[in-house]
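Input: a single structure, listed below in structure tokens.
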Amino acid sequence: MAQYFEAHPDNPQPRLLKQAAALLRQGGVLAVPTDSSYALVCQLDDKAAVDRLRRIRQVDEKHHLTLLCRDLSELASYARVDNRQYRLLKQATPGPYTFILDASKEVPRRVSHPQRKTIGLRVPDRKGLALLLELHGAPLLATTLIPAGESEPLNDPQEIRERYEHQLDAVVDAGACPLEPTTVVDLTPMYLGGDPQVVREGRGSLQALGL
């Protein structure tokens, strides 16, 4: 039975999010609100939790998972980032963007893309999630909470609780999220002097990135 934490969207209670962070450290999988939609999250270095996250979402190892980072310096620890890429990342963080980059050795091979050795990374702009990341003290592995066979992410924490109460360890309710997913940009072509490739246009403005 999933625990249910009702956090204030603008002034999240640290006491509740400390409990959520403790569940993550124990190998939990949680549903949390982001600046684009609700997402499933777990610890990066917990194989059993990562496997559970994939089973709940019903995606295989080729599905790009995303690392949620506290800030840009943390993001750069988990990916190879050159000066051109860094300048673009600085424009877009925090915000509703996911960037595909070459994973560094800090990322376990089982969570990077098996052929490309890439990982999705982002710095979300949502107070409750930022505090959870701070309390956890490390990035969280995430995937958008889209039920199997459906195309839209879930937005109602009560519905998430009802549908997943026997699969999740907790749901963090901090109000509704936007239904629009993140904008996804592949930055790996920039290593060879190429241009960023837009994989998916979503909530993040491409114009703000000059794309």
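Scanning the range 191-202 for residues that are surrounded by 17 or more Cβ atoms within 10 Å (Cβ to Cβ) and at pLDDT below 90 turns up just one, GLY202. Determine if the range 49-71 includes at least one residue that is among the basic types (Lys, Arg), under 17 Å from MET190 (Cβ atoms) and either surrounded by fewer than 20 Cβ atoms within 10 Å (Cβ to Cβ) or under 13 Å from the mean Cα position of the chain (by Cα) (or both). Scanning the range 49-71, I find no residue that is among the basic types (Lys, Arg), under 17 Å from MET190 (Cβ atoms) and either surrounded by fewer than 20 Cβ atoms within 10 Å (Cβ to Cβ) or under 13 Å from the mean Cα position of the chain (by Cα) (or both), so the answer is no. Checking each residue in the range 132-170 for being within 15 Å of the chain's Cα centre (by Cα) and crowded, with 22+ Cβ neighbours inside 10 Å picks out LEU132, LEU133, PRO139, LEU140, LEU141, ALA142, LEU145.
SER104 meets the conditions (1) within 22 Å of ILE160 (Cβ to Cβ); (2) without any contact (Cβ under 8 Å) to a residue 40 or more places away in the chain in every case but one. The failed one is (1).
The values are calculated or read from the model by the stated rules, or taken from the named source; none is laboratory data. Bear in mind that the values here come from a model prediction, so they are computed numbers and not experimental data. Glycine gets a Cβ as well: all are built from the backbone with ideal geometry, and neighbour counts include every protein chain shown.
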